[in-house]
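Engineer: Sharing a structure below in C-alpha cells format, with a few things to ask.
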Amino acid sequence: MRQVPADEAIEFLYEISPVPRIGPDTRFGELGLDSLAVIEWIRHLEDQLGVDLDVRGIDFRDFGHHSVAKVLDILHKHVVPA
C-alpha cells in the first residue's frame, strides 16, 4: 500500500490551515484546524491513497500533541483492507 509522504500531506494542510509554515515536526494542534477541517484532510488523504481509512477507533483529542508526521503515521495504520 502506498503511503502519502509528509510533504504531500502538508501541501494540502496549507490549503486548510492559516499557519504560514508547516513541517513534519509541526504539532498538529498548532494548525488551528477545527474538526471539519481535519475530516476534510483525512478525506483528501483517502483520495490520494485510493483507500478508506477506518478512523472510528482513533482518539482525535490526542492529535494536538503529535507532530504532523506522527498523525500521518497513525492514519496510515487505519487503512481498511481491500
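Engineer: How tilted is helix 6-16 with respect to the longest principal axis of the chain? Cα atoms for both, answer in degrees (0 to 90, nearest 10).
Structural biologist: Between the helix axis and the principal axis of the chain, the angle is about 60 degrees.
Engineer: Please give the FRET efficiency for residue 80 paired with residue 37, using the beta carbon to beta carbon distance and R0 = 25 Å, rounded to the nearest 0.05.
Structural biologist: With a Förster radius of 25 Å, E is 0.65.
Engineer: List, in order, the whole-Hz ³J(HN,Hα) value for each residue of the stretch 63-78 obtained from phi through the Karplus relation with A = 6.51, B = -1.76, C = 1.60 and θ = phi - 60°; use x for Gly and Pro.
Structural biologist: Calculated HN-Hα couplings, in order: 4, x, 8, 9, 6, 4, 4, 5, 4, 4, 4, 4, 5, 4, 6, 10 Hz.
Engineer: Using the Karplus equation 6.51 cos²θ - 1.76 cosθ + 1.60 (θ = phi - 60°), what ³J(HN,Hα) coupling, rounded to whole Hz, does each residue of the stretch 27-36 give in order, writing x for Gly and Pro?
Structural biologist: Running phi through 6.51 cos²θ - 1.76 cosθ + 1.60 with θ = phi - 60° gives 5, 4, x, 7, 7, x, 8, 8, 4, 5 Hz.
Engineer: So, counting K/R as plus one and D/E as minus one, what does the shell of residues with Cβ under 13 Å around residue 68 add up to?
Structural biologist: -3
Engineer: Next question. Figure the gain on full extension for residue 59 and residue 14 (residue separation times 0.36 nm, minus the Cα-Cα span) and round it to one decimal in nm.
Structural biologist: Using 0.36 nm per residue and subtracting the Cα-Cα distance, I get 13.9 nm.
Engineer: For the chain, what relative contact order do you get, as a whole percent, if you take Cα pairs closer than 8 Å and at least 6 residues apart?
Structural biologist: Value for the chain: 38 percent.
The numbers here are math on the coordinates, done by the rules we state, and not lab data. These numbers come from a predicted model, not from an experiment. Note that each Cβ is placed from the backbone with ideal geometry, even for glycine, and that neighbours are counted across all protein chains shown.
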